[in-house]
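Engineer: My structure is below; once you've seen it, I'll send some questions.
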Amino acid sequence: MQNTPVWSTHTSTLHPLIAAYTVGDDVVYDQKLLGYDIRATKAHCHMLASVGLLTQTEATQLSNALDALR
């Protein structure tokens, strides 16, 4: 039995079990939803900063990183 997780094959190719699970149009839908997901995550970061669970610096860093991903 393999002890390595299915998502970690130590190669540049996707493990066949992961590919089988995500086959189809999932990637297309994910790309369409990404902007909305990033916007919601940025709002969540802002809320976490407003209640003191993140510093303003942390929230800004996260927001900038999310902008870079978009």
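The values are calculated or read from the model by the stated rules, or taken from the named source; none is laboratory data. Note that the structure is a prediction, hence the values are computed from the model and not measured. Every residue, glycine as well, gets a Cβ built from its backbone with ideal geometry; the counts of neighbours run over all protein chains shown.
Engineer: What pairs come out if I take residues in region 1-30 that are modelled with pLDDT of 75 or more and pair them with residues that are of a type in the set (Val, Ile, Thr) whose C-beta lies under 7 Å away, six or more apart or interchain?
Structural biologist: His15/Val6; His15/Thr9; Leu17/Val6; Ile18/Val6
Engineer: So which residues in region 36-70 are assigned to a helix (DSSP H, G or I), surrounded by 15 or more Cβ atoms within 10 Å (Cβ to Cβ) and aliphatic (A, V, I, L, M), if there are any at all?
Structural biologist: Once the filter is applied, which keeps residues that are assigned to a helix (DSSP H, G or I), surrounded by 15 or more Cβ atoms within 10 Å (Cβ to Cβ) and aliphatic (A, V, I, L, M), region 36-70 yields Ile38, Leu48, Ala49, Ala59, Leu62, Leu66.
Engineer: Can you pull out every residue in region 13-33 that is part of a helix (DSSP H, G or I) and not β-branched (Val, Ile, Thr)? Break it down into steps so the answer makes sense when it comes.
Structural biologist: Taking region 13-33 and keeping what is part of a helix (DSSP H, G or I), we get 16-22, 26-33.
Scanning region 13-33 gives Pro16, Leu17, Ala19, Ala20, Tyr21, Asp26, Tyr29, Asp30, Gln31, Lys32, Leu33.
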